[in-house]
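Below: the structure, in structure tokens.
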């Protein structure tokens with residue numbers, strides 16, 4: 001059997017290799033380094049092709065493609081969101097991604113992105129928190145203790161310096177799971193019996209629930225002045241977590257307005273309601289947190305440039321390591337015009 005040439009091989013990072021890479025690097029170091037790549041790309045935001053994700057909705061969930069490119073590389077992520085999956089033992093969210101060369105269209109990397117999306121979501125949240133959270137914030141409330149919970153807590157510890165996380169979920173087993181997983185994190189972890197209890201004394205409030213429906217995880221009377229809200233659960237039409245009145249009291253920061261107005265908390269507001277784009281804050285072209293009493297809200301839905309950053313990060317990080325396999329993915333005939341000849345010779 002003819003062995004594939006180097007041109008036929010694409011680096012592939014499996015779930016097993018991704019986990020090995022995370023453990024070899026250390027999860028907090030991984031989150032900090034990934035946040036650095038995301039910040040670099042936010043600061044060159046105008047260089048990217050941008051479009052809202054392409055979504056196929058059903059009664060059970062959504063399947064999405066998230067593409068973007070700069071002048072050098074093209075990246076996309078395939079991702080699903082199926083809240084009911086947990087009942088059948090499946091993940092709510094799974095993903096994979098591809099990074100390619102713009103110059104010749106050849107893939108440079110194929111990777112799992114279920115673990116990587118959890119990392120990049122948390123890294124993005126904490127990066128934004130470093131710009132918007134109250135100075136010296138030490139306590140975060142985490143409402144919704146599913147798969148993203150621990151990543152968020154560790155990212156805010158590593159990047160923003162929190163030392164305490166207060167947990168609440170409607171499912172006590174989810175909170176118990178998070179308490180176990182964070183037991184050796186160095187964080188003070190406090191399980192709570194309600195959302196109201198969880199936000200007591202918190203300067204940062206993270207909401208991360210999975211139901212694909214309008215919901216009110218935070219009511220207006222729960223949110224006092226001076227907090228930063230990291231709203232990451234609302235990410236598709238018809239799915240929100242915050243009462244509309246909270247939005248009207250907050251300064252709202254978003255990734256890409258054309259997508260967030262469809263999928264984010266601000267789908268509850270008029271299309272002309274003012275929002276600030278985060279890339280402008282990071283480039284010092286717009287104000288972030290201005291005063292201690294301000295309520296800042298990151299209306300996070302996840303955008304393709306963040307996944308591009310994650311793909312770029314992994315592509316760089318695996319170089320010279322054993323944390324990938326070679327995937328025989330691309331046909332490489334001796335004569336580029338003779339594809340059938342290559343097939344016939346393999347018989």
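Please treat every number below as a calculation from the coordinates, not as lab data. Small disclaimer: the values here were computed from a predicted structure and weren't measured. So basically every Cβ, Gly included, is an ideal-geometry build from the backbone, and we count neighbours across all protein chains shown.
Take the Cβ atoms of residue 345 and residue 322, set R0 to 22 Å, and the FRET efficiency comes out at 0.10.
Got the relative contact order for the chain handy, in percent, Cα pairs under 8 Å and 6 or more residues apart? Spell out each step's value before the answer.
Working: 703 pairs, mean separation 74.2, N = 347.
Relative contact order for the chain comes out at 21 percent.
Mind running the shape call on the range 202-347? Use the C-alpha gyration tensor, a ≥ b ≥ c as the square roots of the eigenvalues: rounded below 1.5 for a/c, prolate if a/b tops b/c, oblate otherwise. Because a/c hits 1.5 or more and a/b exceeds b/c, the range 202-347 counts as prolate.
Going by neighbour counts of Cβ atoms within 10 Å, the residues 119, 311, 21 line up, fewest first, as 21, 119, 311.
Calculate, for residue 180 and residue 63, the FRET efficiency according to 1/(1 + (r/R0)^6) with r their C-beta to C-beta distance and R0 35 Å; round to the nearest 0.05. The pair residue 180/residue 63 has a calculated efficiency of 0.65. Provide the FRET efficiency to the nearest 0.05 for the residue 71-residue 338 pair, computing r from the beta carbons and using R0 = 35 Å. Efficiency, rounded to the nearest 0.05: 0.60. Every helix of 4 or more DSSP H residues in the chain counts as -39500 (n - 2.57), and over all residues that averages to -9000 deg cm²/dmol at 222 nm. Relative contact order of the range 124-302: 23 percent, from C-alpha pairs under 8 Å at least 6 residues apart in sequence. When only alpha carbons are used to place a centre, the range 310-347 and the range 70-115 end up 18 Å from one another. Computed over the range 1-158, relative contact order equals 23 percent, with contacts defined as Cα pairs under 8 Å that lie 6+ residues apart. Note on the chain: antiparallel DSSP beta bridges, both residues inside, total approximately 50 percent of the bridges counted. Would you please state which residues of the range 300-314 a label at residue 56 would reach in this model, taking the label point 7 Å out along Cα→Cβ and a backbone N cut-off of under 12 Å? Flagged as within label range: none. Principal-axis analysis of the Cα atoms of the chain puts helix 172-181 at an angle of about 70° to the longest axis.
Of the DSSP beta bridges with both residues in the range 124-302, give the percent that are antiparallel, rounding to the nearest 5.
Working: 1 of 29 bridges.
Antiparallel bridges: around 5 percent, rounded to the nearest 5.
Neighbouring Cβ atoms within 10 Å as the yardstick, rank 223, 13, 340 fewest first. Write down the numbers at each step before the final one.
Working: 223 20, 13 27, 340 9.
Lowest count first: 340, 223, 13.
Net length available on complete extension from residue 290 to residue 78 is 72.6 nm, with 0.36 nm assigned per residue and the Cα-Cα distance removed.
Panel order for 245, 271, 251, by other beta carbons found within 10 Å of each beta carbon, from fewest to most: 271, 245, 251.
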